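In what follows, a single structure is set out as C-alpha cells and then discussed.
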Amino acid sequence: MNTPWRASALELSAAVRGGATTAATVTRTLLDRIDGPGANLRAFVATWAERATASAEAIDRRRDQGEPLGPLAGVPVACKDNLLVAGEHASAGSRILSGFTAPFSSTAMARLEAAGVVLLGRTNMDEFGMGSTTETSAHGRTHNPFGEGLVAGGSSGGSAAAVAADLCPLAIGSDTGGSIRQPASLCGVTGLKPTYGRVSRRGLIAYATSLDCVGAIARHAADLAAWLDAVSGPDEGDATTVPAMAAVSPTLPDAESLRGLRIGVPAQLNGPGVSAEVLQATAEAQGVLRSLGAELVACELPNARYAVAAYYLIATTEAASNLSRYDGVHYGLRLDDRDCTRMTTATRSAGFGDEVQLRILLGTFASSVGFSDRYYGRAQEARRALANDFARAFRGCDLLLSPTSPTAAFPFGQGDEDPLTRYLWDALTVPASLAGLPALSMPCGSTPAGLPIGLQLMAPAGADGLLLRTAHCFQRHTDHHLRRPLP
Amino acid sequence: MSPNPPTQPEIDPQMLIRLAALARLELPTSRVAELTSQLGRLVAAFADLAAADFGGVHEIPPTPGALATPLRDDEPGTPLRPEQALANAPRQANDCFVVPRVIDA
C-alpha cells in the first residue's frame, strides 16, 4: 500500500487485517504526514505518538496471533479536544483547562479503542464548541486545507481539516448547532451528527447539554457507518442515551438506486441568505438524486425562522450553567485566591476567551429573573414548534435536504465585529439540532474558485442508517468527496 | 404575535456589569461599551422570538423514544477514586480540594 493516506478507514483496516500492510506502518506514515504536509494547518493540537505506536503494534500482534479483528481495527483516528481520553490532556480549546489530564475516557472514545482504532492525537476546535470557524481556540486558528488563510469551519474545524488533508481517514468531533456538519461542508468531507441520544455524551466536555452530540467526520459515508455502529448504544454513564433506537449496520449496501425515496426540500432552508454558488451546487445535487430515482418534493418548516434565536438562547443558557464548574477549584486554571469570589472571577475572566464570555453573558441574561420566561421559555416553545414542523414534514417524505452552510469557506476575521453575523451562519444546521434529529453533510460541488460546498440531509429520529445509505449511494455516483487539496 | 408585545429590555452598561457579576466575570473597562452593544444587538435580534405566540406549546421536545425522564435504582455507582478526582486540583491537601477561606473570621 503505497499511499495509505488516500485509503478509506475500511480499506485501511482491511489492508491491515489482511497483512498487506501493518498498523504500525500506517500510523508512522500518518504521524509523519501530520508533521510534514499538514504542519501549517494547525489541525492537531497535539499528537500522541507513543500511545499511537503502542496501540498499532498491539493490533499487529493480535493479527499475527490470528485474533479476529473488527472493521475499524488498525484505523488511525483523531479525536476532538473536548473528548476525554484517559491519561491525555484535553482543553476544549480553552486556556481555562490548561494542563488538564483526563481521569477517564469518554464512552465514545473507549468504545472506539475497544474496536481497535489507533488514536493519533487531539484536534483543534473553537473554545468549548462556541464558534463556526475554529478561530476562537486558545491554540490558534486552523486553516482550511483548500486555502491558507481560509477558515476550516467550526467548531470541529481541526477534525474536518485533518480528514480533508488526509492526515487521518476518520476524525471524531461534536455537533451542538452544526459543529460537525458545517466544517465538513467547508472542508469538502462528510460529517455525521447522529440522533440525539444515540451516542453517549459521557466524557464529552459539555457546552449545551440538550444539544451536544458526539459525531464523526470521514471522506466516505461507509466509514461513518462503521464508526456509528462501534460507538452507538445505551450507556449507564449518560442517562440521555436512548435504549431502543434502531441499530445501524456497520456496512452499507452498494445500492444503485434511490427509487422509492422521497426527499423534502424545505423552502425556509433552501434560499434565504444562501449564496448563489451554493444554491447552484445544491440544485445540481438535487438533479443527481433525481437521476438516482429519488423523488424531491416541496415542504415547509414555518418555525425555522426562529431557529437561530431559539438555538442561541437555549444553548447559551445551558452553557452558562455548564461552564459555572470552571471556578479554579477542581481543575484547570486558578488565579488570585485571596478569597473565593476573587479567585473564581479572576480565573474565569482570564481563562475564558471573548466569545465564550459573550455567550455566558447572553445565557445569564436569558435565564435571569424577569427575562427567562420571555427569552429562554419562549425559545423552548419555538423548539417544540419546530420539532412539530419536522414531524409534519416527515409524514410526506423520508429525508429533508438543504445546503449545509450559506457560503463556502471565507477568510479569517469575517464576522469579528458582529456576533449576529456569525450566528446567522448556523441558520441551516441549528434546526435539526433543536429537534434532536440526525443530520449529515456531504460534498456536492465547489465554487468557481474550487472551494467545497456541502449538502445537508436530515432524517427522522433514529433514521441515521437511512442518511448513511443515501449518502453512500450518492457518493458511489459522484466524486466530490474524493477531491484532495494536498498531494 | 402576542397582542401586547413586551417592551424590549434595555441592555445598558449597568445591566451588563450585573450580568457579569452573576456569571463571575470581570469585564475590562475597555470592553464594556463593545459588549453592551453586542449583547444589545443580539437581544434586539431575538425580539421576534420573544414576542411570538406558539399557541401554548409548552413542553420541551421529548428525547426520541424516551417518554419520561429516565430513572435508575438508588444504588451507588463507581465514583472516581480520591486520587483520580484530585489529580487535576490546582491545590489539594488531605484528600481535599483547597479553597480560600469562605467565612470571615
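Only the coordinates and a few stated rules stand behind these numbers; no lab work does. Source: prediction; values computed, not measured. Every residue, glycine as well, gets a Cβ built from its backbone with ideal geometry; the counts of neighbours run over all protein chains shown.
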P(r) of segment A:1-142 in 10 Å steps, Cα pairs, percent per bin?
-> 13, 39, 34, 13, 2
Could you go through segment A:60-69 in sequence order and give the Karplus-derived ³J(HN,Hα) for each residue, using 6.51 cos²θ - 1.76 cosθ + 1.60 with θ = phi - 60°, rounded to whole Hz, and x for Gly and Pro?
-> 4, 5, 4, 5, 4, 8, x, 5, x, 10
Mind checking the mean number of beta-carbon atoms from other chains within 10 Å of the Cβ atoms in A:69-76?
-> 0
For peptide A:359-367, the mean count of other chain Cβ atoms within 10 Å per residue Cβ is 6
Taking the highest mean first, how do the peptides A:107-116, A:314-323, A:269-278, A:233-242 order by number of other beta carbon atoms within 10 angstrom per residue?
-> A:314-323, A:107-116, A:233-242, A:269-278
For segment A:83-175: rounded, prolate or oblate by the Cα gyration tensor [a/c cutoff 1.5] | oblate
With R₀ set to 30 angstrom, the calculated FRET efficiency between the beta-carbons of A:Asp339 and B:Asp48, to the nearest 0.05, is 0.10
What does the helix-only formula give at 222 nm for chain A: each DSSP H stretch with n ≥ 4 adding -39500 (n - 2.57), the total divided by the residues, and the result rounded to the nearest 500 deg cm²/dmol?
-> -10500 deg cm²/dmol
Roughly what % of DSSP beta bridges within the protein assembly as shown run antiparallel, to the nearest 5?
-> 70 percent
Rounded to the nearest 5, the percent of DSSP beta bridges in segment A:171-304 running antiparallel is 65 percent
Any residue on another chain or 5+ positions along whose placed amide H is under 5 Å from the amide H of A:Gly121 is listed here as A:Trp48, A:Cys79
So for the protein assembly as shown, using the alpha carbon gyration tensor with a ≥ b ≥ c as root eigenvalues (a/c under 1.5 gives rounded; past that, a/b versus b/c decides prolate or oblate), I'd call it oblate
